[in-house]
Amino acid sequence: MSRENSKPVYSDDEKKSKKYLDQLYPVDGNYISSEELCKLKQLIKEMKEDQPLEEIAENHMSKKEAELFDKRFEFSKSLAGNKTAYLPALIDAAKIYVLVDFLTSIKENNIEQSTISFSRKDSYLKFLNPDSDDIIKQLLIEVLNETQKEQDYNQIKGKFKHQYKIKKILEIKIEVVKGGISKIKEYITEADKLAQMRGATELIKEANIERTRKVINKAGLIPECLIYGSGGNSFIVVPKGKGQEICENIEKEYSQVLLGGRFAFEFLEAELGEFLFDYSRLSTKITQRLTTRHIIKLPVAQPTPCQQGTHSSAVAQDVKVCTTCWLRDPKREVKIADEQHWVCDVCYCKFEKGKDIRSFYHEEYCKYLGKNIDEFELPKSLSEIDDYIALIYGDGNNLGNVIMNIRNVFELMYLSRRLDKITVCAVYEALKNAMEKENEEKENATGGEESKPFLKFEIIILGGEDILMVVPAKWALEVAKQIIEKFDTAFNNTITLSVGILIIKSTMPMSAAYDITVGLLKSAKKYVKKKKLEMGSVDVEVLTGSSILGKKGGKVIFPCEVKRLERILKGFKTIKEKLAKAKIYLFKEAAGTLLPEEFELFYVFHKAREENIDAVEEALQQMLDEDAKFIGGFVKKKDVDGKEQVISPWAEIAKLREFI
């Protein structure tokens, strides 16, 4: 159980400095050096009292140090089914240690006084110092041991009936709080102006992170009470008697930020031992209560700070509805991207928040590249990205099963953080590759003339396994392929990623585009389930005017698994090189007007006049699913009832050809 590819030998002094790890982790000590331990202690001493531990890792540690902070080591291989158990990452072990220390310090009926006297710094330093009699470390070791076995909480609790100190900690009464924002993507995309979408994203971020932390701090609680808070959702552990107060105050804070938003919080009383030893069942119980509350709670309607400005004196008579969301009554006139709009209060709040800010994701992307955002041009509207854009919506497969098998809260904390990191890296790496390719092509076309790089994308949501973003249509399939490959590989295909892609004119309302893309994502996920695949998948449609590619029975190439997507991209390259665009449209029109028997004769006639048709047909066959055959200009395959279907692929090829 040592560092990968190395096993350092430590002096007696170094071993002594790491004795705390021998208490929490029953290993030989080859986990952290004495120098790294001293650096951690110094950072803790300089930590602000309300500063989350993650900020220390992000702002004050090198990349190598931060990786150690977040790395897991093997704990046991003796589980059923050859599964491996892992020690918690150091950051997670430290945070849960401090949380338990805090909860054990609470004096009944005197929570406020107890929280004032508690020192997070002292608690972290206690965690980092050797103490063979530290009861909390002993308890965390028991969490690791006991949660690897198939047993319920009562069985586990019974094992400690004679260990008074541990039993006393297990029986501490707590309340778990869970909640967040529902229909986040709808909230962001209902108004399709870029400034409003950015504003909506910032409002959600402010509510989910800043306002939640504010409530926790104001209640006299510590940052470690927030187990996770991202993607619009939060899970919080508080002393008994604080749950309702936290729920009410968070909802009050959210209501000041998210006009028109749907959000709800719920709490549940439990024992601390249930949280530590039976997290999965406890989370299921609170989720069931929260689902009910989401159903009965109405969207926020009370005024928010952004509504306090003066409304326009009168709405124009011919304006009946907000001209950016087309859902609510117009209240005032504003200028958005050189256009005059009458907007509702909800859209106005989003616009006010987003009109003068850069996208958080553009800034994060530049940080990922190690560059300054001022080195790039940024899009001011979707039409600046390209005339035809692609809305990409990605979501994980099998994540529910993985979460159901989580054995303790350490595993949840690690998975949550790992999902964020892998998804962000996969997306940014794919975008970087697409931009480099386009910049190279541009330089070749202009003879090397330098110009400021343009960030031709807009990320709407990126967190967990959730992806919603806009890219130029011609990037879409290659970017999606790379994201899926990187995501699937990082999780060894235990969790995979499916993607829905809609190619549209940049002027199409984003809310309507999102609704269609949801259907495409469902189709891609259904394909994985039907085929029992352990890899990601893609479905795509092209929408031009009133024409949509995916009419029932009209698609034979998509949906597809990511492995076949590679063949599809190569196949389209061959078709574009070997078969004229005019010939593709000729086949498309003929297949749509002639009877099948007539079209087969028509195709054979024209095939004889094409010298490269064999390469085209071979490429087409490679693009198809294994149960489909390209014969006589048609694709032939059996439906669910075993009946042979005869489908023309030419409409699908004609539409997609322009964007691959």
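The values are calculated or read from the model by the stated rules, or taken from the named source; none is laboratory data. Note that this is a predicted model, so its numbers are computed, not measured. We place every Cβ from the backbone using ideal geometry, glycine too, and count neighbours over all the protein chains shown. Only protein heavy atoms, including side chains, enter the accessible area calculation; ligands, DNA and RNA are left aside. Shrake-Rupley method; radii C 1.70, N 1.55, O 1.52, S 1.80 Å.
Couple of notes before you dig in:
- For the range 362-508, a crude dipole built from +1 on the beta carbon of Lys and Arg and -1 on the beta carbon of Asp and Glu, taken about the Cα centre, is about 520 debye to the nearest 20.
- Charged-residue dipole, Cβ positions (Lys, Arg, Asp, Glu), the range 556-619 about Cα centre, Debye nearest 20: 400
- Rounded FRET efficiency, nearest 0.05, which uses the C-beta distance separating Glu245 from Arg358 and R0 of 30 Å: 0.25
- Kirkwood Rh in Å, taken over the range 339-449 so that all alpha-carbon pairs contribute: 18.1
- Per-residue accessible area (protein heavy atoms, 1.4 Å probe) orders Arg198, Arg213, Arg120 as Arg213, Arg198, Arg120, starting from the largest.
- Residues whose amide H falls under 5 Å from that of Leu497, counting only those 5 or more places apart or on a different chain, are Asn397, Asp488, Gly536, Ser537, with hydrogens built in the peptide plane.
- Working note: Karplus 6.51/-1.76/1.60 with θ = phi - 60° gives the range 382-392 the couplings 5, 5, 6, 5, 4, 5, 10, 10, 10, 8, 10 Hz, where Gly and Pro are set to x.
- 1.4 Å probe accessible area per residue over the chain, in Å²: 48
- Pairs from the list Lys121/Lys205; Lys578/Lys655; Lys532/Lys555; Lys193/Lys505 with a Cα-Cα gap above 23 Å: Lys121/Lys205.
- Computed from phi, the 3J(HN,Hα) profile of the range 406-417 under the Karplus parametrisation 6.51, -1.76, 1.60 (θ = phi - 60°) reads 5, 8, 7, 5, 4, 5, 5, 4, 5, 4, 4, 5 Hz, with x in place of Gly and Pro.
- Using the Cα coordinates of the range 222-304, the gyration tensor eigenvalues translate into equivalent-ellipsoid semi-axes of 24, 14, 11 Å, sorted from longest to shortest.
- Accessible area (Å², 1.4 Å probe, nearest 10) - Lys437: 120
- Angle of helix 135-146 to the longest C-alpha principal axis of the chain, folded into 0 to 90 degrees and rounded to 10: 40°.
- Asp539 sits among other residues whose Cβ lies under 10 Å from its own Cβ, and their net charge, with Lys and Arg +1 and Asp and Glu -1, is +3.
- Expressed in units of 2.2 N^0.38 Å, where N is the residue count, the Cα radius of gyration of the range 588-660 is 1.12.
- Of the residues Leu40, Ala615, Met535, the one whose Cα sits farthest towards the positive end of the charge dipole of the chain is Met535 (charges of +1 on Lys and Arg Cβ, -1 on Asp and Glu Cβ, taken about the Cα centre).
- Pairs from Lys320/Lys350; Lys367/Lys522; Lys165/Lys285; Lys530/Lys563 whose Cα-Cα separation, in the structure shown, is over 23 Å: Lys367/Lys522; Lys165/Lys285
- For Asn408, net neighbour charge (Lys/Arg +1, Asp/Glu -1) across residues whose Cβ lies under 13 Å away: -2
- Our summary of shape: the Cα atoms of the chain have principal axis extents of 89, 68, 57 Å, ordered from largest down, in whole angstrom.
- Rounded to the nearest 10 Å², the accessible area of Glu534 at probe 1.4 Å: 140
- The 3J(HN,Hα) values that the Karplus relation (6.51, -1.76, 1.60; θ = phi - 60°) gives for the range 261-275 are, in residue order, x, 10, 8, 7, 9, 9, 10, 8, 7, 7, 8, 4, x, 5, 4 Hz. Gly and Pro appear as x.
- Per the Debye calculation on the range 199-260 with a single equal scatterer at every Cα and no solvent contribution, log₁₀ I(q)/I(0) for q = 0.13, 0.18, 0.20 Å⁻¹ amounts to -0.31, -0.58, -0.71.
- Cα gyration tensor shape for the range 509-660, rounded if a/c is under 1.5, else prolate or oblate: prolate
- Charged-residue dipole, Cβ positions (Lys, Arg, Asp, Glu), the chain about Cα centre, Debye nearest 20: 1360
- Surface share of carbon and sulfur [accessible, 1.4 angstrom probe, percent] for the chain: 48
- Across the protein chains, with a 1.4 Å probe defining accessible surface, the residues Arg564, Arg418 rank Arg418, Arg564 from largest area downward.
- Packing here is the average count of other Cβ atoms within 10 Å per residue, and on that basis the peptides 585-595, 168-178, highest first, run 168-178, 585-595.
- Within the shell defined by Cβ-Cβ distances under 9 Å, the residues around Tyr348 carry a net charge of +1, with Lys and Arg each +1 and Asp and Glu each -1.
- Estimated FRET transfer efficiency (Asn154, Arg609; beta-carbon r; R0 60 Å; 0.05): 0.15
- Among Tyr514, Val424, Asn398 - extreme Cα towards positive end, dipole of the chain, charges at beta-carbon: Asn398
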